[in-house]
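Here the structure is laid out as structure tokens; the discussion comes afterwards.
The values are calculated or read from the model by the stated rules, or taken from the named source; none is laboratory data. As the structure is a prediction and not an experimental result, all values here were calculated from the model. Neighbour counts are summed over all protein chains in view; Cβ atoms, including those assigned to glycine, are modelled from backbone coordinates with ideal geometry.
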Amino acid sequence: MKFRAEVIAESVLPTIRVLLASELRDRGLTQRAVAEKLGLSQSAVSKYAQGDISTREVVATDERVQELVDELAPGLASGDIRSVQALIEIERLLQQLSGPGDLIAELHAAAVPELRTVDYDLSGLEPDQGALERERVRASVRRGLGILEHASGFATLVPHVGSNLVECVDAAEELEDVAGVPGRILDVNGRVEVPGQPEFGVSEYVGGVLLAARAAGSESRAGLNLEFTDMTRDALVGTGAESAHLDIESQSLEAAVSGALDADRDATVLYHRGAVGVEPIVYLLGPSAVAVARTARDVAEAQGL
């Protein structure tokens, strides 16, 4: 008798840890630093580095495993991704790999051939999905903020009212389903200042735009507001995005977003030229906070700001 947890502990997790440890060592981290990042002892890291820990080729070559390692290693090395965030992401991957007929299920079935004769989905034994998703969203916003903090020239794209980077859960319906920065991202003497860690329900402004866009049919899950200039809008459109003008002079911002996306549901660059007492703003929407932040970084760097 072998439980799924044993298969994961014996074959899957050691392989993921070896891959991560190797990547972190290649990035110049000491064994001690790698141990702290991965929550392991230095002796364990030494064994991983020396190849004393057996791995499974089928796990190491799985594209999803490789993609996660490629995503986590740079962030862990730089500090942009915390260990708890990496843990959550690995947990999510383990759940995905445990689906019927997937990698872990097949490894388990190979260890317990009798499982192939019963109709039972072991992937249903999962932790609170809502809690995992909310932590994943917070982790994504943190990574996005890290990108913006280190993006050359991004501070000059921050409007006077400040920016916010937000992302929502899959079934978002209200502001409590949207994570953002408490307060605003500010330009302080040419440096990006982020006042706190991401929280849910704190971005009525940009979060409201994202919810309005989704209510109008947009599939975007993240958003960021920037100072509007024709150059910035054109640069965003130059990335392949579609743009739409927001008529805020005759209606609320949320209504303007709904109207613009009713006309063009694929638009991800929404802008207005301001009004009395209202600063011109461009909103960038996208699939994740990381994706939106990368686009904003690329635009800032391309403009040489």
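In the stretch 144-156, what residues are buried (at least 20 other Cβ atoms within 10 Å of the Cβ) and of a type outside the set (A, V, I, L, M)?
Within the stretch 144-156, 144, 154 meet the criteria.
List the strands (runs of 3 or more DSSP E) that sit entirely inside the stretch 156-230 and contain at least 3 residues that are not small (Gly, Ala, Ser).
Output list reads 165-168, 186-188, 191-193, 222-227.
Here are some conditions: (1) modelled with pLDDT under 95; (2) of a type outside the set (Phe, Trp, Tyr); (3) in contact with a helix residue (DSSP H, G or I) (Cβ under 6 Å, 6 or more places away or on another chain). Residue 282 meets all but one. Which one does it not meet?
(1)
Within the group 246, 224, which residue is without any contact (Cβ under 8 Å) to a residue 40 or more places away in the chain, in the same structural domain as residue 156 (by TED's automatic domain parsing) and buried (at least 21 other Cβ atoms within 10 Å of the Cβ)?
Result of the check over 246, 224: 246.
Okay, residues lined up against (1) touching a Leu at 6+ places or on another chain (Cβ under 8 Å); (2) in a loop (DSSP other than H, G, I, E, B); (3) modelled with pLDDT of 85 or more:
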| residue | (1), (2), (3) |
| --- | --- |
| 24 | yes, no, yes |
| 28 | no, yes, yes |
| 35 | no, no, no |
| 40 | no, yes, no |
| 46 | no, no, no |
| 52 | no, yes, no |
| 59 | yes, no, yes |
| 72 | yes, no, yes |
| 75 | no, no, yes |
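Looking at (1) over 23 Å from the mean Cα position of the chain (by Cα); (2) over 18 Å from residue 99 (Cα atoms); (3) surrounded by fewer than 15 Cβ atoms within 10 Å (Cβ to Cβ), which is the one condition that is false for residue 27?
(1)
I'd like to check something: does the stretch 165-178 contain any residue that is in contact (Cβ under 8 Å) with a residue 60 or more places away in the chain, in contact with a Lys or Arg (Cβ under 7 Å, 6 or more places away or on another chain) and assigned by TED's automatic domain parsing to the domain that holds residue 288? Steps first, answer last, please.
First, the residues of the stretch 165-178 that are in contact (Cβ under 8 Å) with a residue 60 or more places away in the chain: 165-167.
Right, trim to in contact with a Lys or Arg (Cβ under 7 Å, 6 or more places away or on another chain) and you get 167.
Subsequent filtering for residues that are assigned by TED's automatic domain parsing to the domain that holds residue 288 retains 167.
Looking through the stretch 165-178, at least one residue is in contact (Cβ under 8 Å) with a residue 60 or more places away in the chain, in contact with a Lys or Arg (Cβ under 7 Å, 6 or more places away or on another chain) and assigned by TED's automatic domain parsing to the domain that holds residue 288.
On the basis of being assigned to a helix (DSSP H, G or I), in contact (Cβ under 8 Å) with a residue 12 or more places away in the chain and either among the aromatic types (Phe, Trp, Tyr) or more than 28 Å from residue 198 (Cβ to Cβ) (or both), does residue 11 make the cut?
In short, yes.
Here is a yes/no grid of residues against (1) more than 24 Å from residue 291 (Cβ to Cβ); (2) among the polar types (S, T, N, Q); (3) not in a helix (DSSP H, G or I):
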{"residue": "234", "(1), (2), (3)": "no, no, no"}
{"residue": "239", "(1), (2), (3)": "no, yes, yes"}
{"residue": "248", "(1), (2), (3)": "yes, no, yes"}
{"residue": "251", "(1), (2), (3)": "yes, yes, yes"}
{"residue": "254", "(1), (2), (3)": "no, no, no"}
{"residue": "257", "(1), (2), (3)": "no, no, no"}
{"residue": "260", "(1), (2), (3)": "no, no, no"}
{"residue": "265", "(1), (2), (3)": "no, no, yes"}
{"residue": "271", "(1), (2), (3)": "no, no, yes"}
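How many residues, within the stretch 273-297, are crowded, with 16+ Cβ neighbours inside 10 Å and not in a loop (DSSP other than H, G, I, E, B)?
15
If I go through the stretch 255-305 residue by residue, how many of them are β-branched (Val, Ile, Thr) and without any contact (Cβ under 8 Å) to a residue 40 or more places away in the chain?
3
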